[in-house]
Amino acid sequence: MGERAILVSEVGLRDGLQSIHSIVPTHVKMEWIRAEAAAGVREIEVGSFVPAKVLPQLADTAELVRFAATIPGLTVAALVPNLRGVQAAIAAGAHKITLPCSVSETHSLRNLRRTHAQIISEACAIGELLRATPEERRPHFEGSLSTAFGCTLEGAVPVGRVVRLAEQLMRAGCDEVGLADTSGYANPASVRSLIRDVRAAVGNDALTGIHLHNTRGLGLANVLAALDEGITTFDSSLGGLGGCPFAPGASGNVVTEDMCFMLSAMGLDTGIDLEALFDVRKILAAALPAEPLYGFSTLAGLPLGFRSHRPA
Ligand code: ZN
């Protein structure tokens, strides 16, 4: 297998911290962002532009975007629930915005208080705003199909609905769509088939990223299945922090450290220095002493003689 560049997108500051009640101080989050970028992580979702009364843990998102945008080579991503959030994200200088669109309408109503029709019309308004935004300030626009593999509130979700929403999001003006296993229902077979079905509808270039959880221990198996299908961007969370406060029982993103170890061990180029990445955990452990941090490779350490790809 030749070297293939893989983009690891850290989502712990958003997906991780939104599910934890304690509030991490802004300067600690900045230390986390700085250290992880220095370890070679090239994309970090630093927060979500939701009202502070909904998620006080993420109230400093604009400040974090402005800070992270000063780090050379780092793509600064943020979640945006609506047009207002997009305006705030552009003002702060975000490079990438992700609008969640939950395939389960029950989850969508609970999470975003919106029906599918309302989200698609919001996506259209966002697309219009982005087209009117000068290119140098225009963020990359991703529509994320959350609960794409099933939902704790609705159970199975029909594939046809995932495909239809992907098409609608692309028509609304998204640059790409992503698949998100919000509730940890995916398995390697469903990952493979859903990627194929969505790509058949919107094209390979419109689906390059996936967001997987490790709720039932299938996180890395699912990453491997997506990798085999040609997916190149993988969301993960340092220490496996995270889950979804609106999907009861769903906890734990794919662990960044273990995923990076797997990719690097397979000879894939992530540009990440594993020793430096493992060290970033200390910042989290000190800031959130009561939170369990997951991951095996950090416990076992790197195999003897292991050489990870170092940032150039
Ligand atoms: Zn998630």
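Out of all the residues in the stretch 134-159, which are part of a loop (DSSP other than H, G, I, E, B) and out of contact with any helix residue (DSSP H, G or I) (no Cβ under 7 Å at 6 or more places or on another chain)? Lay out the reasoning, then the answer.
Narrowing the stretch 134-159 to residues part of a loop (DSSP other than H, G, I, E, B): 134, 138-139, 147-150, 152-154, 156-158.
P134, G150, T152, A156, V157, P158 - these are the residues of the stretch 134-159 that are part of a loop (DSSP other than H, G, I, E, B) and out of contact with any helix residue (DSSP H, G or I) (no Cβ under 7 Å at 6 or more places or on another chain).
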message: What pairs come out if I take residues in the stretch 271-286 that are over 15 Å from V255 (Cβ atoms) and pair them with residues that are at pLDDT 95 or above and part of a helix (DSSP H, G or I) whose C-beta lies under 7 Å away, six or more apart or interchain?
response: A276/A38; I283/V28; I283/E31; I283/W32; I283/A35
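Does V24 count as modelled with pLDDT of 95 or more, under 18 Å from L212 (Cα atoms) and hydrophobic (A, V, I, L, M, F, W, C)? Let's see the steps before the verdict.
On the way: modelled with pLDDT of 95 or more: yes; under 18 Å from L212 (Cα atoms): no; hydrophobic (A, V, I, L, M, F, W, C): yes.
So V24 does not fit the description; no.
Take G252 and decide whether it is under 20 Å from the mean Cα position of the chain (by Cα) and within 21 Å of R34 (Cα to Cα).
On the way: under 20 Å from the mean Cα position of the chain (by Cα): yes; within 21 Å of R34 (Cα to Cα): no.
So G252 does not fit the description; no.
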Test set (1) more than 16 Å from the ligand (Cβ to nearest atom); (2) out of contact with any Gly (no Cβ under 7 Å at 6 or more places or on another chain); (3) farther than 26 Å from A221 by Cβ - A123 fails condition number: (2)
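Name the single residue, out of those in the stretch 181-193 being away from the ligand (no atom under 16 Å from the Cβ) and within 20 Å of the chain's Cα centre (by Cα), that is most open to solvent (accessible area, probe 1.4 Å). Write out each step before concluding.
The first filter runs over the stretch 181-193 and keeps only residues away from the ligand (no atom under 16 Å from the Cβ), leaving 187-190, 192-193.
Narrowing the set further to residues that are within 20 Å of the chain's Cα centre (by Cα) leaves 187-188, 190, 192.
Numbers: N187: 60, P188: 43, S190: 34, R192: 80 Å².
Ranking the qualifying residues of the stretch 181-193, first place goes to R192.
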- line: Inside the stretch 168-180, the number of residues satisfying the requirement of being within 16 Å of the ligand (Cβ to nearest atom) and over 14 Å from the mean Cα position of the chain (by Cα) is 0
task: Go through the stretch 6-40 and give me each residue that's out of contact with any Pro (no Cβ under 8 Å at 6 or more places or on another chain) and free of Cβ contacts under 8 Å to residues at least 60 places away in the same chain.
output: L13, H21, T26, H27, K29, M30, I33, R34, A37
- request: For the stretch 14-26, indicate whether the set of residues that are surrounded by fewer than 21 Cβ atoms within 10 Å (Cβ to Cβ), of a type outside the set (D, E), part of a helix (DSSP H, G or I) and out of contact with any strand residue (DSSP E or B) (no Cβ under 7 Å at 6 or more places or on another chain) is non-empty.
  value: yes
query: Name the pairs whose Cβ atoms lie under 6 Å apart, with the first residue in the stretch 170-194 and part of a strand (DSSP E or B), the second at pLDDT below 95 and small (G, A, S), and 6 or more positions between them or separate chains?
result: none
field: Residue that is modelled with the lowest pLDDT [pool: residues in the stretch 237-254 that are in contact with a Lys or Arg (Cβ under 9 Å, 6 or more places away or on another chain) and of a type in the set (A, V, I, L, M)]
entry: A247
message: Residue under question is L165, and the condition is that it be within 19 Å of L99 (Cα to Cα), touching a residue at least 40 places away in the same chain (Cβ under 8 Å) and open to solvent by less than 30 Å² (accessible area, probe 1.4 Å); does it hold?
response: yes
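Collect the residues in the stretch 58-85 that are out of contact with any Asp or Glu (no Cβ under 9 Å at 6 or more places or on another chain) and either among the basic types (K, R) or closer than 26 Å to T115 by Cβ (or both), keeping them in residue-number order. Spell out how you get there, then give the answer.
Going residue by residue through the stretch 58-85, those that are out of contact with any Asp or Glu (no Cβ under 9 Å at 6 or more places or on another chain) are 58-73, 80, 84-85.
The answer is L58, T61, R66, V80, R84, G85.
The values are calculated or read from the model by the stated rules, or taken from the named source; none is laboratory data. Since the structure is predicted, the reported quantities are computational estimates derived from the model, not experimental observations. Neighbour counts run over all protein chains shown; Cβ positions are idealised from the backbone, glycine included. The protein model used for the area step is the full one, side chains on, heavy atoms only, and it has no ligands, DNA or RNA in it. Shrake-Rupley method; radii C 1.70, N 1.55, O 1.52, S 1.80 Å.
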